[in-house]
């Protein structure tokens, strides 16, 4: 996904957006479903410059289907063993993490390939650890899920060559 987009009921920017009924009820105002870099979608069909997609992750939104312009979609590269290859646009960067983009991307890919239960990382959770970091020695974490139980994997930018 490139950027974010609110899926439509028809293949047109003027099509109705798909209402997020649960959020709208809880928050007391109209909210719409949105797909972004933290969302994985499956392409169901294509019509001109549009594709009908279904959310695959996060799992609690798999019922959401809608139309998006092809320009907001991007393919996901996989290794020979089928593990996803993470790229810069998969992450949400802040002042702490953006200084270490290359190391964080490399660490995330190494973790996804080598850490049991981490083939699908929650890239939106990459953060600097306030309790484990020291001046000049940043420590980051990313969340994985093994059998539905989330856990953090901790790493230093200097560990990229040493992650197993």
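Between 144, 45, 118, where does the largest GNM mean-square fluctuation fall for the chain, given springs only between Cα atoms within less than 10 Å?
Evaluated over the chain, the most mobile residue of the options is 45.
Where q = 0.25 Å⁻¹, what log10 of I(q)/I(0) comes from the Debye formula for the stretch 1-75, counting one point per Cα?
Debye output, listed in q order: -1.20.
Explain nothing, just the number: relative contact order of the chain, from Cα pairs under 8 Å at least 6 residues apart, as a whole percent.
Details: 290 pairs, mean separation 25.6, N = 164.
Relative contact order, the chain: 16 percent.
At a 10 Å Cβ-Cβ cut-off, how would you order 86, 32, fewest neighbours first?
Lowest count first: 32, 86.
In nm, to one decimal, how far is the residue 114 label point from the residue 13 one, both placed 7 Å along Cα→Cβ?
4.5
Taking 0.36 nm per intervening residue step and subtracting the Cα-Cα distance, what contour gain separates residue 145 from residue 56 on full extension?
Answer, rounded to one decimal: 30.5 nm.
For 63, 141, 91, which order do you get if you count the other beta carbons within 10 Å of each Cβ and list the fewest first?
In order of increasing Cβ crowding within 10 Å: 63, 141, 91.
What residue among 125, 39, 62 shows peak mean-square fluctuation when the chain is described by a Gaussian network model with Cα springs under 10 Å?
It is 62.
With each run of n ≥ 4 DSSP H residues scored as -39500 (n - 2.57), what mean residue ellipticity at 222 nm is computed for the chain after dividing by its residue count and rounding to the nearest 500 deg cm²/dmol? The partial results should precede the final answer.
Numbers: 2 runs with 21 residues, N = 164.
One gets -4000 deg cm²/dmol as the mean residue ellipticity at 222 nm.
Order these by the 10 Å Cβ neighbour count, fewest first: 121, 27.
Ascending Cβ contact count within 10 Å gives the list 27, 121.
Using a Gaussian network for the chain with springs between C-alpha atoms less than 10 Å apart, which of these wobbles most: 60, 50, 93?
Of 60, 50, 93, the most mobile in the Gaussian network model is 60.
Would you calculate the volume per residue, in Å³, of the smallest convex hull containing every Cα atom of the chain?
About 148 Å³ per residue, rounded to a whole number.
Just to confirm the number: angle between the C-alpha axis of helix 101-114 and the first principal axis of the chain, 0 to 90 degrees, nearest 10?
Once rounded, one gets 90 degrees.
Computed from the coordinates by the stated procedures, all read-outs in this text should not be read as laboratory data. Only a predicted model underlies this, so the values are computations on that prediction, with no experimental measurement involved. All Cβ positions, glycine included, derive from the backbone under ideal geometry; neighbour counts span all protein chains shown.
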